[in-house]
1. From the set of residues in the range A:53-86 that are within 14 Å of chain B (Cβ to nearest Cβ) and out of contact with any Gly (no Cβ under 8 Å at 6 or more places or on another chain), which is surrounded by the most Cβ atoms within 10 Å (Cβ to Cβ)?
2. For B:LYS96, state whether it is in contact (Cβ under 8 Å) with a residue 12 or more places away in the chain, in a loop (DSSP other than H, G, I, E, B) and basic (Lys, Arg).
3. What about B:ILE230, is it modelled with pLDDT of 95 or more and of a type in the set (Val, Ile, Thr)?
4. Return only the number of the condition from (1) closer than 20 Å to A:LEU220 by Cβ; (2) part of a loop (DSSP other than H, G, I, E, B); (3) within 14 Å of another protein chain (Cβ to nearest Cβ) that A:ILE118 does not satisfy.
5. Output the qualifying pairs, or none if there are none: Cβ atoms under 7 angstrom, residues six or more apart or on different chains, first residue in the range A:173-190 and at positive phi, second residue assigned to a loop (DSSP other than H, G, I, E, B).
6. It is to be established whether one or more residues within the range B:9-21 are outside the structural domain of B:ILE128 (by TED's automatic domain parsing) and assigned to a helix (DSSP H, G or I).
7. Considering only residues of the range A:121-131 that are buried (at least 16 other Cβ atoms within 10 Å of the Cβ) and touching a strand residue (DSSP E or B) at 6+ places or on another chain (Cβ under 7 Å), which is nearest to A:HIS2 (Cα to Cα)?
8. Under 6 Å by Cβ, and 6 or more places apart or on different chains, what pairs join a residue from the range B:112-135 that is modelled with pLDDT of 90 or more with one that is of a type in the set (Val, Ile, Thr)?
There are 2 protein chains.
Amino acid sequence: MHLFYIPEITSNSKEVKLSEEESKHACRVLRLKIGNEIALFNGKGDLFLGEIIEDHPKHCLISIKKHTFEEANKNEIHIAIAPTKNMDRIEWFAEKVTELGITEISLFFGKNSERKQIKTERIEKIIISAMKQSQRKYLPKLNVFSSLEEFFKLHKSGAIAHCFEGEKISLKSSFKTQNYPILIGPEGDFTQEEVNLALKNGFNPISLGENRLRTETAGLYACTLAKSIIES
Amino acid sequence: MHLFYIPEITSNSKEVKLSEEESKHACRVLRLKIGNEIALFNGKGDLFLGEIIEDHPKHCLISIKKHTFEEANKNEIHIAIAPTKNMDRIEWFAEKVTELGITEISLFFGKNSERKQIKTERIEKIIISAMKQSQRKYLPKLNVFSSLEEFFKLHKSGAIAHCFEGEKISLKSSFKTQNYPILIGPEGDFTQEEVNLALKNGFNPISLGENRLRTETAGLYACTLAKSIIES
């Protein structure tokens, strides 16, 4: 059955209108007609069975027949990463970690970030598409922080993967399944001041192994490590 | 110091000529001159210190001053994966797993593969570039198999990640650090016959978690799992 993502639908909804884009997709591309059933979800755990009651390609109307709810996984994976200079790289990062089950992505701008701003619309679209592709019922949260200082106002524990010398521990030995963001620096790494700030805020310095990884690869690897810790 | 990859250089080499492309890069782009030192490696563990003795942008000549050798890591990570329909996806797979430390990539064509042939030149270039980027001293091996039958003529143990029902074990409980290729199917998954063939050849059926992963994400995840098992 075809699956549609409608963020504004709630457990009380009786009828819902698809967006213009989704209406076109349903009625033009998929050629769905009055009486056809479709599945809907809102990225917050609610799942719906609906029936098309108006098959207009600009405002397709759905009657809700059934509602179910899937509890959220209590284990969180939160990667805080500096967007790469090349947008492609951070976009595929967002796609892959969404498939793998990340719950929160925070983008921040470090002192050494070459990229100083970001439009999140495309990344949001990629996350939604990857959520549908991988049949996840919850939309990962996406945040943007203008600096690490802003980030630390909200987060007082987690891990930081930096490239400076010094004692580091493994993610496995320190990972917590809640409130444990993992910080991944920009292409030019964190500055020593940023690392100190992280340590002062209670972040554990971690090592991601011996290979030198690109920013987005480091973020992805940290996410898969967290996933394997949770699932083991 | 600038690093150049020259596959044909050996521990006995006294002088070596850079390829036309590398000569241009060294003498035009980097503007290196006679007397400048460069580092060279062959992807087989040999490292060299060299000095430019002719700075011609088409045939730059290097005199070898010093040779060292780095032992190969004895732990193998071998992913056997069906190339994706979209070449971009298998190319970034090759880039990322090279950064992460894969030792062997086998490409095979399954019964359900939409892609029935592949040109490996671009993938080889991407692997070389990722090897340099991540400062690895060994070039991962790249193989192509026309079918799984061909693959099983060479490999009699390993793991297969398929989407059929049935008992599966974790990679962690079965992984071996040598001769243990992990098979990842095409977009349409393996056929039941291919799964049976794998089981008959001694391959363990494994699960990669609950999320539905794209081919290239599954391959990448299997690689990071293997890496984390080796490093823990």
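1. Of everything passing the filter in the range A:53-86, A:THR84 is surrounded by the most Cβ atoms within 10 Å (Cβ to Cβ).
2. So B:LYS96 fails the test.
3. Judged against the criteria, B:ILE230 is not a match.
4. It fails just one condition, (3).
5. A:ASN179/A:SER157; A:ASP189/A:ASN112; A:ASP189/A:HIS162; A:ASP189/A:CYS163
6. Yes - at least one qualifying residue is present in the range B:9-21.
7. Selected residue: A:ILE128.
8. So the pair list comes out as B:ILE127/B:THR98; B:ALA130/B:THR98; B:MET131/B:THR98.
The values are calculated or read from the model by the stated rules, or taken from the named source; none is laboratory data. Here the structure is a predicted model, which means the values were calculated and not measured. Positions of Cβ are generated from backbone atoms using ideal geometry, with glycine treated the same way; all protein chains shown enter the neighbour counts.
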